[in-house]
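Visitor: Before anything else, here's the structure in question.
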Amino acid sequence: MSVISEENVKGENLFKDLSADSDDWQPTEIESLCMNCYQNGMTRLLLTKIPFFKEVIVSSFSCANCSWSNTEIQSAGRIQDQGVCYTLKVKTKQDLNREVVKADSATTRIPELDFEIPPFTQKGALSTIEGVLDRAVAGLEQDQPARRAADAEVADRIEEFIQKLKKLKEVDEEFTVVIEDPSGNSFVENPVAPQKDEALTVSFFNRTIQQDVQLGLRADDALDEEPAGNSIEDMRNEVLAFNTNCPECNAPSSTNMKLVQIPHFKEVIIMATNCDSCGHRTNEVKSGGGTEDKGTRVTLHVTDASDMSRDVLKSETCSVIIPELEFELGMAAVGGKFTTLEGLLRDIKDLIVSKNPFVSGDSGIADKVQKLYAFGEKIEKIIAGEMDVHIILDDPAGNSYLQNVYAPEPDPEITIEKYTRTFEQNEDLGLNDMNTEGYQEEK
């Protein structure tokens, strides 16, 4: 049995990159109690790094006496700035093989069966969609003998539901799997990355106070706090500060909020968090003017590296399209941002390549990894002004902006198109009235 001692780890990072080529990085083995037969079994711990998921602790328990085994994954890194929600339409059996990082704070739902696995009822796991279904079935079957002895009718109903879960794996009909994680540390594989995955929708959200309390980011008494009331005029004239915790080190910090008028555009709300303890910085931007009557599609022809210094306001409802790379980034994928064009492109590269947990280690498939790295190299060429491309900001809410460096004269490299939103776009923006007859006909 190996142990972690000061001599073994002094001067080195406990967490190393996951790699099949590393022979000197072995799991730590600890003799521990088997919760099935109450004899001693063996727990193996591996402290490693996965991009995006960052540091994780992978644990595996096996008992030689009763053959019971169990595997878990636990995040050892920070909680992300925003929560994340993955909605996957499972249409084929291939979709069942998609890899999933499911943190213990994640809620899993299958709307078609009205089925939900609440947060913190399962340990985190690195699995597949099929594995998520198998784990749910195993959890329901575990107490069936006791239920049958206590109430046979309830046991029969649960058995009927278990069979429905098992039937999902045949994919006779399309169904939906939703994984919503306020910690932002869950992930569902996009097998066609960096191209848009038509079956997978990814959205980000700000945590509620209750979710912050659940994650240990706030004290329990924070639920009793009432936000201070401020008028719009006050917000225009001063920077408002709110006490928060740093998403990186959890130290007390503050978030500043300011209404800012962008020249030749509109008013926006910029929120920024700076941590004095670790230096971590975040920024987020939201439109201060509501949804426009029409959507806006802004197309920039990148002709020079100087275009990278253009200011960009990308709202949460804006998609980013680069036709020459056959690339489309869905709305909310990198949240609302007020940055430069270079900053936006680097955020895209980080999301698709650097923060993709299936790029490195045993999870990475050679040709897929090569394609993702090639995509990252093309982004770098665009930033350097070495590729002739068009960058499109498509925002059905009309709240995104790209700086016109010739203002107030027209910019010869920018095309702005106003368009009428489709029913589906209005649905995504929550603008449709569900009580109207027309809504039911469209649905």
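Visitor: Looking only at residues in region 301-324 that are surrounded by 18 or more Cβ atoms within 10 Å (Cβ to Cβ) and part of a helix (DSSP H, G or I), which one is nearest to the chain's Cα centre (by Cα)?
Guide: Filtering region 301-324 for residues that are surrounded by 18 or more Cβ atoms within 10 Å (Cβ to Cβ) and part of a helix (DSSP H, G or I), the one nearest to the chain's Cα centre (by Cα) comes out as MET308.
Visitor: Taking VAL171 as the residue in question, decide whether it is surrounded by 15 or more Cβ atoms within 10 Å (Cβ to Cβ) and assigned to a strand (DSSP E or B).
Guide: no
Visitor: Tell me which residues, restricted to region 98-124, are hydrophobic (A, V, I, L, M, F, W, C), farther than 15 Å from PHE187 by Cα and either in contact with a strand residue (DSSP E or B) (Cβ under 9 Å, 6 or more places away or on another chain) or open to solvent by less than 60 Å² (accessible area, probe 1.4 Å) (or both).
Guide: ILE110, LEU113, PHE115, ILE117
Visitor: Could you check how many residues of region 384-406 are under 18 Å from GLU326 (Cα atoms) and open to solvent by 20 Å² or more (accessible area, probe 1.4 Å)?
Guide: 6
Visitor: While we're here: Which one is modelled with the lowest pLDDT among residues in region 170-200 that are β-branched (Val, Ile, Thr) and within 24 Å of ALA374 (Cα to Cα)?
Guide: VAL192
Visitor: Hey, another quick one. Select, from ARG157, ARG147, the only residue that is open to solvent by 70 Å² or more (accessible area, probe 1.4 Å), part of a helix (DSSP H, G or I) and of a type outside the set (A, V, I, L, M, F, W, C).
Guide: Only one candidate passes the filter, namely ARG157.
Visitor: Looking at SER183, SER127, which one is under 28 Å from VAL334 (Cβ atoms) and surrounded by fewer than 19 Cβ atoms within 10 Å (Cβ to Cβ)?
Guide: Among SER183, SER127, only SER127 is under 28 Å from VAL334 (Cβ atoms) and surrounded by fewer than 19 Cβ atoms within 10 Å (Cβ to Cβ).
Visitor: Which of the residues spanning region 309-356 are modelled with pLDDT under 85 and among the aromatic types (Phe, Trp, Tyr)?
Guide: Selection gives PHE338 alone.
The values are calculated or read from the model by the stated rules, or taken from the named source; none is laboratory data. What you are looking at is a predicted structure, and each value in this text was computed from that prediction instead of being measured. Reconstructed Cβ throughout: ideal geometry from the backbone, glycine too, with neighbour counts over all protein chains shown. To get the accessible areas, we keep the full protein, side chains included, count just its heavy atoms, and leave off ligands, DNA and RNA. Shrake-Rupley method; radii C 1.70, N 1.55, O 1.52, S 1.80 Å.
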